[in-house]
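The values are calculated or read from the model by the stated rules, or taken from the named source; none is laboratory data. A quick note: this is a predicted structure, and the numbers were derived from the prediction, not measured. So basically every Cβ, Gly included, is an ideal-geometry build from the backbone, and we count neighbours across all protein chains shown. To get the accessible areas, we keep the full protein, side chains included, count just its heavy atoms, and leave off ligands, DNA and RNA. Shrake-Rupley method; radii C 1.70, N 1.55, O 1.52, S 1.80 Å.
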Amino acid sequence: MTADSRGTSPAPQARILVIGGGYVGLYTAMRLQKKLAAELKAGTTEIVVVTPEPYMTYQPFLPEAAAGSISPRHVVVPLRRVLKHCRIVIGEAESIDHAKRTATLTTLATEEEGTGPIEISYDELVLAPGSISRTLPVPGLADYGIGFKTVEEAIGLRNHVIEQMDIASSTRDPAVRAAALTFVFVGGGYAGVEALGELEDMARYAARYYHNVGAEDMKWILVEASDRILPEVGPEMGKYTVSELRRRNIDVRLETRLDTCEDRVAVLDDGSRFPTRTLVWTAGVKPHPILAASDLPLNERGRLKCTAELTVEGAPHAWAAGDAAAVPDVTSQDGKECAPNAQHAVRQAKVLGDNIVASLKGQPLTKYAHKYAGSVASLGLHKGVAHVYGRKLKGYPAWFMHRVYHLSRVPTFNRKARVLAEWTLSGLFKREIVSLGSLEHPRAEFELAAGGKPPKESS
């Protein structure tokens, strides 16, 4: 079965297939529907976006969503609303045969229909599937580890942390209490440090409402395999971040690895053992599997070999950017590649969209060139670090810059206004510290009332 068999209407002269609905997928499709408005209206061009979720997640806001500073629905951008002139297909690309210019997809309907995967042909391919969490064969990690890459994981972690405080408050077993109040984060990059900083700040605030749980009772541990954290903000700001976290009684373990977390005990390679009910894994990402399931050239790290014009090397009509692409940094003197981060992804998408339009119209392509401006990171409310255009900031100024920068980058005016309104309200009123863990099992109450068994909780 092919996705082209959609009635008797003629196929478009040019079909642009976008794999992925993240930064690159969304911004590229937005650029294309703007630049090709006349062609889309005439039906001579079609843009198809294949994505596993009907929304784009603005990941820099995940830590604030986990801390309750932003509502989860404001961290995501609904694709159908902003990509009104594109065809959105909720599904996964299983394989790509670029020699034939076809992609094999599974959608929400294919499993229900029992007809198997479908094929869709294309004229231009944009590969922007992003990346997935990189895990290691650590015993117990699959059973007890918690990720921090999606909005569902962020809200689930918030609920879990507050639930552990509830357990500690009500148990009479010292061992259960100690494990409930021990929180281990593995990975000292943006995700791990910001998630730890925001959640520790939130839990410290929440502790004032517990009669027998204080901030000093909680143990927060950050485990990083290298000799520094937040390498993006530079060595000096990285050292400041370590000292700031330790000042908050957060145990930062550098050049340390997690050996095992079996039986809810985190064992580090320095011999330390921490009974814990919370182990958050943020130790890096790896390329999406769809790249290996294509006939396109990959580098030694599994990313697509790309040119400065964001085309895939040796593969006409194939384009890529963001995490999936190894794009040469033309502003670098030593042949480096652009870092796989949001700052480059958003800017690459603009050039990528323009280059696809130029290619369709037979015009010359533009090289992507953007000198890295710097990095900002939040460490909790009114705390942060920044290294922007050579200037180093810390504390409140860095935190404020973090918010201003990301507010300017979150897509659509609608989302900007909603986030700003929530920040304003959170500054006027107290934090919400309610756990809604039952959201993860919405039918549990009804199943129990109907005579079934409640689901086994993983926490």
The residue that is nearest to P129 (Cα to Cα), considering only those in the stretch 320-338 that are part of a loop (DSSP other than H, G, I, E, B) and out of contact with any helix residue (DSSP H, G or I) (no Cβ under 8 Å at 6 or more places or on another chain), is D329
How many residues of the stretch 307-356 are within 26 Å of the chain's Cα centre (by Cα) and at positive phi? The answer is 2
By residue number, the members of the stretch 210-235 that are in contact with a strand residue (DSSP E or B) (Cβ under 7 Å, 6 or more places away or on another chain) and not in a loop (DSSP other than H, G, I, E, B) are K219, W220, I221, L222, V223, E232, V233
Expected single match for open to solvent by less than 80 Å² (accessible area, probe 1.4 Å), on the phi < 0 side of the Ramachandran plot and assigned to a loop (DSSP other than H, G, I, E, B) among A266, A283 is A283
Considering only helices (runs of 4 or more DSSP H) wholly within the stretch 108-170, the ones with at least 3 residues that are open to solvent by less than 50 Å² (accessible area, probe 1.4 Å) are 151-170
Within the stretch 279-306, restricting to residues that are small (G, A, S) and within 20 Å of the chain's Cα centre (by Cα), the one that is nearest to L365 (Cα to Cα) is G302
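Here's the yes/no breakdown for (1) open to solvent by 30 Å² or more (accessible area, probe 1.4 Å); (2) touching a Ser or Thr at 6+ places or on another chain (Cβ under 9 Å):
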{"residue": "A321", "(1), (2)": "no, yes"}
{"residue": "A325", "(1), (2)": "no, no"}
{"residue": "V330", "(1), (2)": "yes, no"}
{"residue": "E337", "(1), (2)": "yes, no"}
{"residue": "A358", "(1), (2)": "no, yes"}
{"residue": "T424", "(1), (2)": "yes, no"}
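Listed here are the residues, each with its yes/no results for (1) surrounded by fewer than 20 Cβ atoms within 10 Å (Cβ to Cβ); (2) closer than 14 Å to L352 by Cα; (3) at pLDDT 90 or above.
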{"residue": "T2", "(1), (2), (3)": "yes, no, no"}
{"residue": "G7", "(1), (2), (3)": "yes, no, no"}
{"residue": "A11", "(1), (2), (3)": "yes, no, no"}
{"residue": "R15", "(1), (2), (3)": "no, no, yes"}
{"residue": "V18", "(1), (2), (3)": "no, yes, yes"}
{"residue": "G21", "(1), (2), (3)": "no, no, yes"}
{"residue": "Y27", "(1), (2), (3)": "no, yes, yes"}
{"residue": "L36", "(1), (2), (3)": "no, yes, yes"}
{"residue": "A42", "(1), (2), (3)": "yes, no, yes"}
Taking first residues from the stretch 51-69 that are more than 18 Å from L157 (Cβ to Cβ) and second residues anywhere that are of a type in the set (D, E, K, R) and open to solvent by 20 Å² or more (accessible area, probe 1.4 Å), the pairs with Cβ under 7 Å that are 6 or more apart or on different chains are P52/E92; P54/R80
Exception for A345 within (1) under 26 Å from K34 (Cβ atoms); (2) open to solvent by 10 Å² or more (accessible area, probe 1.4 Å) falls at (2)
Within the stretch 239-258, the count of residues that are free of Cβ contacts under 8 Å to residues at least 40 places away in the same chain and within 22 Å of N341 (Cβ to Cβ) comes to 2
Given the condition at pLDDT 85 or above and of a type in the set (S, T, N, Q), answer yes or no: does some residue in the stretch 435-449 qualify?
no
Taking the stretch 212-241 and keeping only residues that are touching a Gly at 6+ places or on another chain (Cβ under 9 Å), within 28 Å of D259 (Cβ to Cβ) and open to solvent by less than 20 Å² (accessible area, probe 1.4 Å), one is left with L222, V223, I229, L230, G238, T241
Residue set L304, L310, L365; condition surrounded by fewer than 19 Cβ atoms within 10 Å (Cβ to Cβ) and either touching a Gly at 6+ places or on another chain (Cβ under 8 Å) or aliphatic (A, V, I, L, M) (or both); output residue L365
Restricted to the stretch 92-103 and to residues being assigned to a strand (DSSP E or B) and buried (at least 17 other Cβ atoms within 10 Å of the Cβ), the residue farthest from the chain's Cα centre (by Cα) is T102
Taking the stretch 369-409 and keeping residues of a type in the set (S, T, Y) and in contact with an Asp or Glu (Cβ under 7 Å, 6 or more places away or on another chain) leaves S375, S378
